[in-house]
1. Only one residue in Arg138, Arg144 is in contact (Cβ under 8 Å) with a residue 24 or more places away in the chain and closer than 18 Å to Gly88 by Cβ. Which one?
2. Out of Gln100, Gln142, I need the residue that is open to solvent by 30 Å² or more (accessible area, probe 1.4 Å), in a loop (DSSP other than H, G, I, E, B) and touching a Leu at 6+ places or on another chain (Cβ under 9 Å). Which one?
3. Would you confirm whether any residue within segment 292-304 is modelled with pLDDT of 95 or more, closer than 24 Å to Arg127 by Cα, among the basic types (Lys, Arg) and open to solvent by 30 Å² or more (accessible area, probe 1.4 Å)?
4. Exactly one of these conditions fails for Leu272: (1) open to solvent by less than 10 Å² (accessible area, probe 1.4 Å); (2) farther than 25 Å from Lys195 by Cβ. Give me its number.
5. Could you tell me whether Val179 is of a type in the set (Val, Ile, Thr) and either in contact with a His (Cβ under 8 Å, 6 or more places away or on another chain) or crowded, with 21+ Cβ neighbours inside 10 Å (or both)?
6. Please work out if Gln106 is at pLDDT below 95, over 30 Å from Lys292 (Cβ atoms) and not small (Gly, Ala, Ser).
7. Would you mind stating whether Ala111 is open to solvent by less than 40 Å² (accessible area, probe 1.4 Å), assigned to a loop (DSSP other than H, G, I, E, B), within 18 Å of Ile170 (Cβ to Cβ) and in contact (Cβ under 8 Å) with a residue 40 or more places away in the chain?
8. Filter segment 161-219 for residues that are among the aliphatic types (A, V, I, L, M) and within 22 Å of the chain's Cα centre (by Cα) and give the result.
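The values are calculated or read from the model by the stated rules, or taken from the named source; none is laboratory data. Quick caveat: nothing in here was measured; it's all calculated off a predicted structure. Cβ placement follows ideal geometry from the backbone for every residue including glycine, while neighbour counts extend to all protein chains displayed. Areas reflect the complete protein model, heavy atoms only, side chains present, ligands, DNA and RNA absent. Shrake-Rupley method; radii C 1.70, N 1.55, O 1.52, S 1.80 Å.
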Amino acid sequence: MRRRSLLLATVPAGLVTLAGCGDDSSGKAGTSSSPSPSATSSTTPPPKIVDGPLPAITAGTKFDQKPTVAKGDGSPSKDLAVKTVIAGSGRTVAENDYVQANYLGQIWDTAKVFDNSYDRKTPLVIRLAQGSIIDGWRYGLQGRKTGSRVQMAVPPTWGYGSQGNAQAGIKGTDTLVFVVDIQNTFNAKSSARGKVVAQSDAALPKVGTNTDGKAPSIEVPKTKAPTALAAAYVIEGDGATVTADSTLLVQYKGVLWDSGKEFDSTYRRSDLASFPLQQVVKGWAQGLTGKKVGSRVLVVVPPKLGYGDNPPAGSGIQKDSTLVFSVDILAKM
């Protein structure tokens, strides 16, 4: 299993998880030896944001290039230093958004790199929310635009606190320097992005193609439900291919084949869902594997690949129900 970022914490899981217990926000996105990033107290006041000092970026100066950063010169600020090194022109990042970014982190005094996503060749996708990310990121990236490179110097108060992070070699007195390339940002209004695909199979439900952040319609035909899994593009994106061990950030809506009644929806909760495919019902894992990020996918899950004769209590799903989902694959995490 690839090493996960030191910045990662827990992520919410939805009804489609194996636990099937509804809107559970305690499900982890996979096992990791990395500690929780949130070493700051929930009562820590917001920082004063200043524009320096910040060490020079001496190589890898273009957006999304792995940077080389000099050692800090003198004493760092006791405030949160933030500078937009390259100004992007995309969407503005807001608190509680999920941000997709490449980054490098090092220690001010020594220039020792303790973490970076460039070598993993997989950008980080993480929520800018209290308890999900160190406060330096939470405050420092708000208001920045996608396509931007942001440099930060994060004092312990808004980093790992006085206890530091021994596993990463970070002392409780260390100021941390980050370079962050913001690739994308996602929120409850995010949708698939790609090419609309014709839905020509009359035996399958028809899914709306709107991309305005509102829930798409799902029209279930008045025919017998298929006994096999069905998974088809509604909108085909051009992003990375989903693999069986992927962790995904998604919008989704689920209805019952027999009645068309909605039983679960991120749109209704106004909150995205993220989970490893290894922890969802088999129909989801099999139906989404091989699909591309950015896509909207229709997934029809027969009982044997869904909840069978043991549906989640209080879900409104009856035994041996066929489930119909519209899933927008926003990002791989």
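1. On the way: Arg138 fails: closer than 18 Å to Gly88 by Cβ.
Matching residue, one of Arg138, Arg144: Arg144.
2. On the way: Gln100 fails: in a loop (DSSP other than H, G, I, E, B).
From the options Gln100, Gln142, the qualifying one is Gln142.
3. Going residue by residue through segment 292-304, those that are modelled with pLDDT of 95 or more are 292-304.
Filter again for closer than 24 Å to Arg127 by Cα, leaving 292-297.
Within this subset, residues satisfying the condition of being among the basic types (Lys, Arg) are 292, 296.
From the residues that got through so far, the ones that are open to solvent by 30 Å² or more (accessible area, probe 1.4 Å) too are 292.
Yes: one or more hits.
4. Just one mismatch for Leu272, condition (2).
5. Working: of a type in the set (Val, Ile, Thr): yes; either in contact with a His (Cβ under 8 Å, 6 or more places away or on another chain) or crowded, with 21+ Cβ neighbours inside 10 Å (or both): yes.
Judged against the criteria, Val179 is a match.
6. Values: at pLDDT below 95: no; over 30 Å from Lys292 (Cβ atoms): yes; not small (Gly, Ala, Ser): yes.
The answer is no for Gln106.
7. Numbers: open to solvent by less than 40 Å² (accessible area, probe 1.4 Å): yes; assigned to a loop (DSSP other than H, G, I, E, B): yes; within 18 Å of Ile170 (Cβ to Cβ): yes; in contact (Cβ under 8 Å) with a residue 40 or more places away in the chain: yes.
Considered against the rule, which asks whether it is open to solvent by less than 40 Å² (accessible area, probe 1.4 Å), assigned to a loop (DSSP other than H, G, I, E, B), within 18 Å of Ile170 (Cβ to Cβ) and in contact (Cβ under 8 Å) with a residue 40 or more places away in the chain, Ala111 comes out as yes.
8. The initial filter retains those residues of segment 161-219 that are among the aliphatic types (A, V, I, L, M), namely 166, 168, 170, 176-177, 179-180, 182, 188, 192, 196-198, 202-204, 207, 215, 218.
Across segment 161-219, the qualifying residues are Val179, Val180, Ile182, Ala188, Ala192, Ala215.
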